[in-house]
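Reading through the structure tokens given below for one structure.
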Amino acid sequence: MTERLFAPCPRGLESALAAELAELGAHGVTATDGGVGCSGDEALIYRVNLESRLASRILLGIGECAYRTAEDIYRGARALPWPLMFERRRTIRVAVAAVRSPLPSIDFVTLRVKDAVCDAFRNATGERPDVDTRIPDVRIHVFLDASRASFYLDTSGEPLFKRGWRTSEVDAPLRENLAAGILRIAGWTPGTALLDPMCGGGTFLLEAAAASLNIAPGTQRGFGFERLSRYDAALWRTVRAAAEAKRRPALALPIYGSDRDPRAVGATRRAFQRAGLDGVATLDRADILAVEAPAAEGIMVFNPPYGVRIGEQAELAALYPRLGDRLKQRFAGWRCFVFTADTRLPKLIGLKPARRTPLFNGAIECRLYEFAIVSGSMRGRRANGPAAQ
Ligand SMILES: C[S@@+](CC[C@H](N)C(=O)[O-])C[C@H]1O[C@@H](n2cnc3c(N)ncnc32)[C@H](O)[C@@H]1O
């Protein structure tokens with residue numbers, strides 16, 4: 001049976017996610033603000049949960065209704081066959097998101113949808129499911145636009161960027177799907193040298209290593225679909241086995257990471273170990289200004305500290321011009337991608353961005369700046385060539 005699906009993602013990654021979902025076999029792929037709509041069968045639901053590196057969740061469309069009041073939404077939700085979708089013993093949580101909704105209280109809508117689900121169960125079984133707002137078995141999502149409410153079951157459970165291999169030891173780690181999306185936008189492909197000289201918890205490096213070795217990002221975690229009545233354990237085993245068969249044995253890859261903070265390097269090393277990828281990447285403790293190019297060409301990608309504190313801002317303003325010089329001296333032939341919310345960066349680094357891609361890190365509007373590096377002395381001569389900035 002073909003199902004209607006919606007995959008939310010970090011804003012700015014929609015077209016990259018659309019391409020990825022099409023590669024994974026989704027049909028009718030359409031990018032919209034904040035996510036991608038598509039369709040597919042049960043096997044596709046399992047496959048995209050297991051293999052998508054960019055989606056935040058995979059939501060299964062279960063119904064929609066027109067509304068003017070919260071009671072219209074209650075009636076729309078109450079008409080859905082909830083007791084057929086999951087068992088009464090499952091805990092639930094309802095999440096409502098709204099764009100241009102005229103309703104004064106989203107919390108009230110959340111409450112009324114929860115009531116509708118519980119009333120449907122009470123009517124069918126005499127008992128209602130419990131609510132668990134922390135770790136629910138079943139997550140129900142409602143999306144409101146100006147006049148329509150759409151209801152979804154979350155087939156992912158925990159968001160898909162939780163791969164299950166990172167430790168929570170470092171500050172401000174990027175979400176894994178945002179890091180994977182940045183690698184895709186950068187045009188990085190397995191085999192190309194990758195360097196993150198401010199690696200923090202190693203998110204870019206781990207995503208690149210997993211992609212290089214065809215390791216499905218969901219290998220080490222469970223999914224919401226396993227708690228729905230429609231769950232087909234045999235089909236899931238087949239989908240998992242197909243993904244596992246594509247996996248390559250771990251070997252040393254041209255993936256390089258460093259950070260000036262030894263704790264960050266340690267955290268990255270441990271995350272590689274947890275992922276079963278010990279020794280796959282080369283990791284060092286180093287200041288970014290001391291890093292040498294590990295290959296004649298490649299892709300450098302990093303996200304500097306946000307510079308929220310005043311001292312940090314000044315430190316970054318002093319670092320960037322020196323970094324620009326260092327890149328020109330040591331990284332000719334490389335493409336350098338910097339992901340930051342700091343709009344001073346291009347001016348301070350003294351390089352003209354070849355491209356700037358707007359991307360959101362949660363609610364923070366950021367840019368992915370691309371700099372094509374040509375050496376200081378070569379700049380004039382190559383300015384009109386293919387590597388021109
Ligand atoms: C925002 S974090 C990077 C987060 C990382 N992308 C992740 O997903 O975990 C910035 C990192 O830059 C490092 N850093 C700051 N200044 C540095 C410098 N001059 N040289 C090398 N690393 C530096 C910090 O120690 C921190 O780990």
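Each reported figure results from applying straightforward, stated rules to the coordinates on display, with no laboratory input. The model shown is predicted, which means the values in this text are computed figures rather than measured ones. As a convention, Cβ positions derive from the backbone with ideal geometry for all residues, glycine included, and neighbour counts pool all protein chains shown.
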### Footprinting exposure proxy for VAL117, VAL291 (fewest neighbouring C-beta atoms within 10 Å first)
VAL291, VAL117
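In the chain, which longest range has no trypsin sites (Lys or Arg not before Pro) that are both DSSP loop (not H, G, I, E or B) and surrounded by at most 12 other Cβ atoms within 10 Å?
Result for the longest clean stretch: 135-308.
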## Note on the structure
Here segment 45-55 yields Karplus 3J(HN,Hα) values (6.51, -1.76, 1.60; θ = phi - 60°; whole Hz; Gly and Pro given as x) of 4, 5, 5, 5, 4, 6, 10, 5, 8, 10, 6
#### Entry: Residue exposure sequence - ASP259, ASP130 - by fewest surrounding Cβ within 10 Å
ASP130, ASP259
### Task
Please list, in chain and number order, the residues 5+ apart from ASP196 or on another chain whose amide H is under 5 Å from its amide H, with Hs placed from the backbone.
TYR256, GLY257, SER258, VAL301
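Given all pairs of different Cα atoms, what value in angstroms does the Kirkwood hydrodynamic radius of the chain take? Intermediate results must be reported in sequence, preceding the final value.
On the way: mean 1/r = 0.0441 Å⁻¹.
Taking the inverse mean of 1/r over all distinct Cα pairs, the chain comes out at 22.7 Å.
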### Query
So what's the gap between the Cα centers of segment 63-112 and segment 185-248, to the nearest angstrom?
33 Å
### Query
How large is ³J(HN,Hα) for each residue in segment 244-258, as worked out from phi by the Karplus curve 6.51 cos²θ - 1.76 cosθ + 1.60 (θ = phi - 60°), to whole Hz, x for Gly and Pro?
4, 5, 7, 5, 9, x, 5, 8, 5, 10, x, 10, 10, x, 8
### Message
Can you tell me what percent of all Cα-Cα pairs in segment 1-113 are more than 21 Å apart?
### Response
47 percent
### Message
Cross-link candidates for LYS347: which lysines have Cα within less than 21 Å, leaving aside residues fewer than 8 places away along the same chain?
### Response
LYS328
### Query
Which residues' amide hydrogens lie under 5 Å from the amide hydrogen of ALA354, considering only partners 5 or more residues apart or on another chain, with H built in the peptide plane?
GLU370, PHE371, ALA372
#### Entry: Selection from GLY126, ILE255, GLY35, by position along the positive dipole direction of the chain (Cβ)
ILE255
### Query
segment 52-198: D in µm²/s via Stokes-Einstein (Kirkwood Rh, Cα pairs, 20 °C, 1.002 mPa s)?
122 µm²/s
### Query
How much net charge surrounds PHE86 when only the other residues with a Cβ under 12 Å from the Cβ of PHE86 are counted, with Lys and Arg +1 and Asp and Glu -1?
+2
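From the helices alone, meaning DSSP H stretches of at least four residues, give me the mean residue ellipticity at 222 nm for the chain, per-run term -39500 (n - 2.57), in deg cm²/dmol to the nearest 500. Mind dumping the intermediate values first?
Values: 12 runs with 131 residues, N = 389.
The per-residue figure over the chain is -10000 deg cm²/dmol.
Return the equivalent ellipsoid semi-axes of segment 273-371 as a descending list in whole Å, where each equals the square root of 5 times an eigenvalue of the C-alpha gyration tensor. Present the calculation step by step, with values, prior to reporting the outcome.
Numbers: eigenvalues 101, 68, 46 Å².
Working through the eigenvalues yields semi-axes of 22, 18, 15 Å.
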#### Entry: Under Karplus coefficients 6.51, -1.76 and 1.60, residue-wise ³J(HN,Hα) of segment 172-180 in Hz, glycine/proline x
6, x, 6, 5, 4, 6, 5, 4, 5
